[in-house]
Amino acid sequence: MDKSRRDLKLMRMYVTLSALFMVIGLTSILSGRAAKTHFAEIDVERINIVEKDGKLRMVMANKERTPGPVERGVPFAYGGGRRVGLIFYNDEGTECGGLAFGSSRTGDTYEAGAILAFDQYDQDQAVALQHYESNSRRYSGLTISEYPTGITNKQRSERYAELEKMAEGPAKQKAKSELEALDGRPRAYFGRARDGAAVLDLRDPAGKTRLRLQVDPQGAARIEFLDAAGQVTKTIAE
């Protein structure tokens with residue numbers, strides 16, 4: 001009889017301690033103080049980096065699960081599934097840059113490219129390090145662009161969608177010209193041009209090249225000054 005009571009007492013103690021350790025373990029996990037988990041290798045289609053309040057800050061995903069553009073938490077322009085890589089989001093839930101890459105081939109024809117971009121506030125790419133090639137044509141370089149204020153990337157995209165619904169005619173052409181004036185303008189480019197030249201291209205606020213330093217595919221170097229119409233006004237050669 002004494003042995004049965006002793007065994008019952010030990011069993012109660014074991015159950016109590018087990019429950020206590022379970023509560024401590026669950027509390028630790030729920031409070032975020034659990035030990036780090038180590039994976040030697042993991043396959044995943046999408047990873048979301050979020051703040052403690054659930055706000056999205058970065059997405060790493062495959063092509064199918066990568067989201068389309070988002071402004072203040074609202075998707076616009078096109079849906080997901082058109083790019084693969086990393087997408088960055090600012091404090092307001094707006095896409096503010098990313099890393100994307102991809103390639104495709106049809107028979108002997110191929111395209112390939114990659115881009116690391118950082119966006120102007122409420123706009124599109126202000127700084128872009130990019131490589132693109134299609135068969136034997138390619139360019140690689142750093143592009144600096146700027147966008148007008150007073151309209152966001154989402155608003156401009158919506159206006160372009162409305163423009164497509166308009167009937168052809170003077171009114172549509174006028175609306176198109178006004179909207180194109182709100183597009184981004186490249187201000188500088190440094191890299192390899194499509195014709196194979198190494199160039200430093202500096203542009204005015206309208207996006208017109210005004211000064212170009214280049215070494216052509218044959219190795220000849222020169223400096224060109226251009227007017228607003230794109231005409232070379234002065235050349236300094238070797």
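The values are calculated or read from the model by the stated rules, or taken from the named source; none is laboratory data. Everything numeric here is computed off the predicted structure, so don't read it as measured data. Please note: Cβ atoms are built from the backbone with ideal geometry, for glycine as well, and neighbour counts cover all protein chains shown.
Can you name the residue in region 93-144 that is part of a strand (DSSP E or B) and charged (D, E, K, R) and is also farthest from Leu56 (Cα to Cα) among such residues?
Ranking the qualifying residues of region 93-144, first place goes to Arg137.
Look at Tyr147 and say whether it is more than 20 Å from the chain's Cα centre (by Cα) and of a type outside the set (S, T, N, Q).
Answer is no for this residue.
Does region 204-213 contain any residue that is out of contact with any strand residue (DSSP E or B) (no Cβ under 9 Å at 6 or more places or on another chain) and either farther than 20 Å from Gly141 by Cβ or exposed (fewer than 10 other Cβ atoms within 10 Å of the Cβ) (or both)?
Scanning region 204-213, I find no residue that is out of contact with any strand residue (DSSP E or B) (no Cβ under 9 Å at 6 or more places or on another chain) and either farther than 20 Å from Gly141 by Cβ or exposed (fewer than 10 other Cβ atoms within 10 Å of the Cβ) (or both), so the answer is no.
What's the number of the condition Ala198 fails, among (1) in contact (Cβ under 8 Å) with a residue 24 or more places away in the chain; (2) hydrophobic (A, V, I, L, M, F, W, C); (3) under 30 Å from Thr106 (Cα atoms)?
It is condition (1) that Ala198 fails.
Among the candidates Phe225, Phe190, single out the residue that is aromatic (Phe, Trp, Tyr), touching a strand residue (DSSP E or B) at 6+ places or on another chain (Cβ under 8 Å), surrounded by 11 or more Cβ atoms within 10 Å (Cβ to Cβ) and within 20 Å of Gly97 (Cβ to Cβ).
Selected residue: Phe190, the only one of Phe225, Phe190 that is aromatic (Phe, Trp, Tyr), touching a strand residue (DSSP E or B) at 6+ places or on another chain (Cβ under 8 Å), surrounded by 11 or more Cβ atoms within 10 Å (Cβ to Cβ) and within 20 Å of Gly97 (Cβ to Cβ).
Going by the conditions given, is Glu164 exposed (fewer than 13 other Cβ atoms within 10 Å of the Cβ), free of Cβ contacts under 8 Å to residues at least 24 places away in the same chain and part of a helix (DSSP H, G or I)?
yes
Answer with yes or no whether Arg212 is more than 30 Å from Thr106 (Cα to Cα) and among the charged types (D, E, K, R).
yes
Could you tell me which numbered condition Arg187 fails, if it satisfies all but one of (1) farther than 24 Å from Tyr132 by Cα; (2) assigned to a strand (DSSP E or B); (3) in contact (Cβ under 8 Å) with a residue 12 or more places away in the chain; (4) of a type in the set (Lys, Arg)?
Every listed condition holds for Arg187 apart from (1).
Of the conditions (1) more than 20 Å from Val50 (Cα to Cα); (2) more than 9 Å from the chain's Cα centre (by Cα); (3) in contact (Cβ under 8 Å) with a residue 40 or more places away in the chain, Gln125 fails just one. Which one is it?
Only one criterion in (1) more than 20 Å from Val50 (Cα to Cα); (2) more than 9 Å from the chain's Cα centre (by Cα); (3) in contact (Cβ under 8 Å) with a residue 40 or more places away in the chain is unmet by Gln125, namely (2).
Given the options Thr235, Thr143, Thr149, name the one that is under 30 Å from Gly93 (Cα atoms) and at pLDDT 95 or above.
Sole residue among the options that is under 30 Å from Gly93 (Cα atoms) and at pLDDT 95 or above: Thr143.
Yes or no: Ser177 touching a strand residue (DSSP E or B) at 6+ places or on another chain (Cβ under 8 Å) and either among the hydroxyl-bearing types (Ser, Thr, Tyr) or not in a strand (DSSP E or B) (or both)?
The answer is no for Ser177.
Output the qualifying pairs, or none if there are none: Cβ atoms under 8 angstrom, residues six or more apart or on different chains, first residue in region 27-56 and under 30 Å from Gly81 (Cβ atoms) and of a type outside the set (A, V, I, L, M), second residue modelled with pLDDT of 90 or more and outside any strand (DSSP E or B).
Sorted first by the residue in region 27-56, then by its partner, the pairs are Glu45/Asn62; Glu45/Glu64; Glu45/Arg65; Arg46/Asn62; Arg46/Arg65; Arg46/Thr66; Lys55/Asp91; Lys55/Gly93.
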